[in-house]
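Notes follow the structure.
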Amino acid sequence: MRTEQEMFDLILGVARQDERVRVVAMNGSRANPNAPRDAFQDYDIVFAVTDVASFLANDAWLEVFGRRVIMQKPDAMELFPAEGRNRFAYLMQFEDGNRIDLTLLPLEELEQYLKEDSIIRVLLDKDGRVPALAASSDKDYWIKRPTPGMFDDCCNEFWWLSTYVAKGLARNELPYAIANLDYMRKQLMTMLSWQVGLEKGFIFSIGKQFKYLQQHVSDVYWQRLCDTWNAGSPEDCGRALEVMLALFREVSKDVAKRFGYAYPDYDAKVSSYLGMLPWQFLK
C-alpha cells in the first residue's frame, strides 16, 4: 500500500504538471485534525481548474493515479442522476487499498467552495488565489443543539414511521417494514446524539452516519441499538421494532426533561394505535 506521503506526492505532482489545475485542496477526514487516523481514510481532493470539460473527453489522464479496482462517476450516472452542478467527481478505489475521491471544480466557483466547509486544507495554490483560511476544523459537523421544534420534529418523524413498520409487518411486507425501520433508526441515533451533547457538550462531532456514536454512549445503550439491526425475519423485525420504541421513549423523555421541552403525545397515541394493528409481534 502506498504511504500517505507517496499519495500526496503523486496527487500534487499531477497537479503541478497540468496548467489547467490552479488550486488543490483537501477536505474530509484527512483534513480533520480530530478524526482518528487509519489506512482506510480516503483522499478527498479538489482540483480547481480552468476548464472542467477538457478533462471529461476520456479517462486516460486518471491512469497515473494507479490501478483501479472500481471507479464511480456520480455526476455521469443515469440510475442515480446528480442534481445539476458544474463540478465533476471521480471516486477511485485502487488495488493497493488507497482511495481518491477527486472533484474537478470550476475555478470561478473556488470562492464559494471555500465557504462551504470548515474542514478544508489547501495543498497547492499556484496563483495565490486563496486567502488566509482559519485552521481546518470539524466545527460544522459538531452535534447541533436542538431547538424545541427540532426535538418535536424528531419525535414526530420517529412515531410516524413506526406506523409504516407495523403496517408492513401486518401485511407480511418485510422489505417495506425493514426500510422504514432503518429510517426510524436515524431518528433514534439523532436523539441519542442530543443526549450525548447534553452529557459532554455540543462541541464535537460523532462522525458521518453516526460512526463515532459507540464511543459516547453506554455499552447497554449501544447493545440495545445494535439489537435493532437484527431484523431479517418478520419475528426479528417485530422484536427490533419493540426494542427501538422502548429505547427511543427512554432517551427522548430524558432529553425533553433536561432541556425543559414538552414531551409530545405522539408516543401515547401511536402506541395505542399500534396495539390495535393485526400483527402478532407487537404487544
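The values are calculated or read from the model by the stated rules, or taken from the named source; none is laboratory data. In this text the structure is predicted, and so the values were computed from the model without any measurement. Methodologically, a virtual Cβ is constructed for each residue, glycine included, from the backbone with ideal geometry; neighbour enumeration extends over all protein chains shown.
At a glance:
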{"item": "Pairs, first more than 26 Å from residue 151 (Cα to Cα) in the range 162-186, second modelled with pLDDT of 95 or more and surrounded by fewer than 21 Cβ atoms within 10 Å (Cβ to Cβ), C-beta under 6 Å, six or more apart", "result": "168/176"}
{"item": "Only one of 55, 65, 80, 88 that is surrounded by 17 or more Cβ atoms within 10 Å (Cβ to Cβ) and farther than 22 Å from residue 31 by Cα", "result": "55"}
{"item": "Test: residue in the range 223-244 that is polar (S, T, N, Q), modelled with pLDDT under 95 and either in the same structural domain as residue 147 (by TED's automatic domain parsing) or within 30 Å of residue 32 (Cα to Cα) (or both)", "result": "yes"}
{"item": "Test: residue in the range 199-218 that is outside any loop (DSSP other than H, G, I, E, B), modelled with pLDDT of 95 or more and within 19 Å of residue 155 (Cα to Cα)", "result": "no"}
{"item": "Listing of strands (runs of 3 or more DSSP E) fully contained in the range 81-170 that carry 3 or more residues being under 23 Å from the mean Cα position of the chain (by Cα)", "result": "88-94, 99-106"}
{"item": "Breaking point among (1) in contact (Cβ under 8 Å) with a residue 40 or more places away in the chain; (2) surrounded by fewer than 17 Cβ atoms within 10 Å (Cβ to Cβ); (3) under 30 Å from residue 26 (Cα atoms), for residue 131", "result": "(1)"}
{"item": "Residue in the range 97-108 that is in contact (Cβ under 8 Å) with a residue 24 or more places away in the chain and over 22 Å from residue 18 (Cα atoms) present", "result": "yes"}
{"item": "Residue that is farthest from residue 3 (Cα to Cα) [pool: residues in the range 44-80 that are assigned to a loop (DSSP other than H, G, I, E, B) and within 19 Å of the chain's Cα centre (by Cα)]", "result": "80"}
